[in-house]
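Each value in this text was obtained by applying a stated rule to the coordinates, not by laboratory testing. The model shown is predicted, which means the values in this text are computed figures rather than measured ones. Cβ: placed from backbone, ideal geometry, glycine included. Neighbour counts: every protein chain shown.
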Amino acid sequence: MLCMAGWSPRAPARGPRLVGMTTESTTQSMTTQGPPAQRKSFGSDNHAGVHPAVLQAIVDANPGDAVAYGADARTERTTAGLREVFGADDTFLVLNGSGANVLGLSLLLRRHEGVICAESAHINTDECGSAERLLGTKLLAVPSPDGKITPEVIAEQLSGRGDDHRSQPGVVAVTQSTELGTCYTLAELRKIADFCRASDLRVFLDGARLANAAASLDCSLAELAECADVLSFGGTKNGAMGAEALIVMRSGLAEDVPYLRKQQTQLTSKMRFMAAQFDALLQDDLWRANAAHANAMARRLAEGVTAVGGVDIVYPVQANAVFARLAPRQITALQEEWFFHVWDERDSVVRWMTAFDTTEADVDAFLSSVRITASA
Ligand SMILES: Cc1ncc(COP(=O)(O)O)c(C=O)c1O
């Protein structure tokens with residue numbers, strides 16, 4: 001192994017980006033201990049288990065053999081179902097959200113083009129630079145105080161167009177719901193889509209939590225997808241074990257996907273089990289029930305903490321995340337009992353996330369700890 005003076009390898013910390021949190025002790029306390037036993041984690045919707053209906057669907061798909069790599073009847077049915085739900089040109093199953101993002105962007109980018117995205121976008125902060133490394137693109141990150149970008153900030157990035165010294169903006173990436181727990185309205189998405197179409201920009205939508213946005217806005221998945229040329233639809237944060245879909249809206253793009261998906265190592269052999277997970281989520285709109293419940297638990301939590309002195313909600317709670325500012329000593333006290341992430345240590349902001357299986361009792365117990373630690 002290459003060793004340099006003064007440098008030693010460190011094991012990666014397995015948690016989301018922690019703004020300003022660099023000390024070994026704080027990183028360790030949040031990333032290696034995990035949720036205290038018996039208590040619901042408010043750290044991430046990824047901490048939740050698998051929805052029983054999803055597990056059952058996997059079990060039901062198990063008997064017998066099926067052709068591999070998505071050529072089985074179940075995968076064909078499921079992807080056709082997704083096509084119908086989204087009004088899409090074509091749909092494909094992939095393994096994870098980061099893979100869906102890279103694959104989706106790869107369909108939309110020319111080799112000299114960059115991607116305009118929010119500073120807080122997952123592709124910019126939490127994917128180890130995969131779009132840049134694997135696609136050779138440049139991310140043109142713009143400030144977005146609430147996680148959303150607007151035609152105005154997109155327009156500011158276009159001044160270097162035609163200058164061969166500058167990365168040429170080709171794609172706008174939006175996230176719905178955003179990394180800060182906010183949702184674009186349908187009108188906001190349409191404005192972005194109209195601007196991009198008029199400006200020769202393609203739109204990619206990171207829909208790792210698209211279900212939460214659809215539930216929050218009480219709209220269909222197809223309405224959300226209309227703004228995008230390509231998007232992802234997350235199953236994992238919605239109760240699946242590990243299944244995401246790539247939804248291709250614009251015609252003429254889908255024929256490359258099978259090859260690019262394989263090149264990018266997102267083609268799984270036993271795909272019937274991923275299809276089964278989406279079958280379960282699509283059945284009777286389980287995806288919407290799961291997301292609506294997670295959102296409702298976040299609202300309950302936000303409403304509960306508003307009454308507590310010294311705790312401020314910092315972004316509108318429109319999906320399943322609550323960002324709150326509270327005193328550092330209260331954060332420490334709460335973390336002795338509960339698992340959640342500090343989002344920004346400098347600003348003393350934490351992120352509390354709910355999931356399809358967070359109960360009212362979980363929220364109320366957490367709220368009780370917030371009240372006790374506030375007055376201690
Ligand atoms: C908005 C968003 N996009 C993409 C991802 C990536 O998903 P995965 O961890 O499955 O690669 C995440 C994961 O947290 C996310 O929050």
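Enter the mean projected area of the convex hull around the alpha-carbon atoms of region 174-253, in nm², rounded to one decimal.
Values: hull surface 21.3 nm².
Result: 5.3 nm².
Among His112, His47, His341, which one shows the highest mean-square fluctuation when the chain is modelled as a Gaussian network with alpha-carbon springs under 10 Å?
His112
How big is the equivalent ellipsoid of region 51-166 along its three axes, where each semi-axis is √(5λ) from the Cα gyration tensor, reported in whole Å from largest to smallest? If you can, show how the numbers build up before the last one.
Details: eigenvalues 269, 53, 40 Å².
Over the Cα atoms of region 51-166, the semi-axes work out to 37, 16, 14 Å.
Give the whole-number value, in cubic angstrom per residue, of the convex hull volume spanned by the C-alpha atoms of region 132-212.
Values: hull volume 8.5 nm³, N = 81.
Per-residue hull volume (Cα only) is 104 Å³.
In debye to the nearest 20, how big a dipole does region 165-211 give about its Cα centre with +1 on each Lys and Arg Cβ and -1 on each Asp and Glu Cβ?
Numbers: 6 positive and 5 negative charges, 21 e Å.
Its charge dipole is roughly 100 debye.
How large is the dipole of region 153-300 about the Cα centre if only Lys and Arg carry +1 and Asp and Glu carry -1, each at its Cβ, rounded to the nearest 20 debye?
Working: 16 positive and 18 negative charges, 79 e Å.
The calculated dipole for region 153-300 is roughly 380 debye.
Out of the trypsin sites (Lys or Arg not before Pro) in region 216-311, which ones are loop residues according to DSSP with at most 16 other C-beta atoms within 10 Å? All intermediate terms of the calculation are to be shown ahead of the outcome.
Values: sites: Lys237, Arg250, Arg261, Lys262, Lys270, Arg272, Arg288, Arg299, Arg300; in loops: Arg250, Lys270.
Sites meeting the loop and neighbour criteria: Arg250, Lys270.
Measuring from centroid to centroid over Cα atoms, what is the spacing of region 61-129 and region 191-208 in Å?
18 Å
Farthest toward the dipole's positive end in region 212-344, which of Trp287, Ser232, His341, given Cβ charges of +1 (Lys, Arg) and -1 (Asp, Glu) about the Cα centre?
His341
Using the 10 angstrom Cβ neighbour count as an exposure proxy, how do Tyr259, Tyr69, Tyr184, Tyr315 rank, fewest first? Before the final figure, lay out the partial values.
Details: Tyr259 10, Tyr69 14, Tyr184 26, Tyr315 19.
So the residues, fewest neighbours to most, are Tyr259, Tyr69, Tyr315, Tyr184.
Amide H neighbours of Thr150 under 5 Å, counting only residues 5+ apart in sequence or on other chains, H built in-plane at 1.01 Å?
Those qualifying (amide H under 5 Å, at least 5 residues apart or on another chain) number zero.
Which whole-angstrom value gives the distance between the alpha carbon centres of region 162-179 and region 228-292?
After rounding, the separation between the Cα centres reads 24 Å.
Rg to Rh ratio, the chain, alpha-carbon atoms and Kirkwood radius? Kindly include the intermediate steps, with their values, before the conclusion.
Details: Rg = 21.0 Å, Rh = 21.6 Å.
Over the Cα atoms of the chain, Rg/Rh equals 0.97.
Roughly how big is the chain's charge dipole about its Cα centre, with Cβ charges of +1 (Lys, Arg) and -1 (Asp, Glu), in debye to the nearest 20? Mind dumping the intermediate values first?
Values: 34 positive and 45 negative charges, 124 e Å.
That gives the chain a dipole magnitude of about 600 debye.
Could you pull out the trypsin sites (Lys or Arg not before Pro) across region 101-172 that fall in loop regions by DSSP (anything but H, G, I, E, B) with no more than 13 other Cβ atoms inside 10 Å? Don't skip to the end; give the middle numbers.
Details: sites: Arg110, Arg111, Arg133, Lys138, Lys148, Arg161, Arg166; in loops: Arg110, Arg111, Lys148, Arg161, Arg166.
Sparse-neighbourhood loop trypsin sites (Lys or Arg not before Pro): Arg110, Arg111, Arg161.
What ranking do Ser220, Ser232 get, fewest neighbouring Cβ atoms within 10 angstrom at the top?
Least crowded to most crowded, the residues run Ser220, Ser232.
State, as an integer percentage, the relative contact order of the chain based on alpha-carbon contacts under 8 Å between residues 6 or more apart.
Working: 715 pairs, mean separation 89.1, N = 376.
The normalised contact order for the chain reaches 24 percent.
Treat each spin label as a single point 7 Å out from the Cα along the C-beta direction, and report the Asp146 to Arg39 distance in nm.
It works out to 3.2 nm between the two label points.
Give the order of His293, His165 when sorted by the count of other beta carbons within 10 angstrom, beginning with the fewest. Mind dumping the intermediate values first?
On the way: His293 20, His165 5.
The order, fewest Cβ neighbours first, is His165, His293.
Under 20 Å from a point 7 Å along the Cα-to-Cβ line of Gln56: which residues of region 258-297 have their amide N that close?
Output list for this probe position: 273-294.
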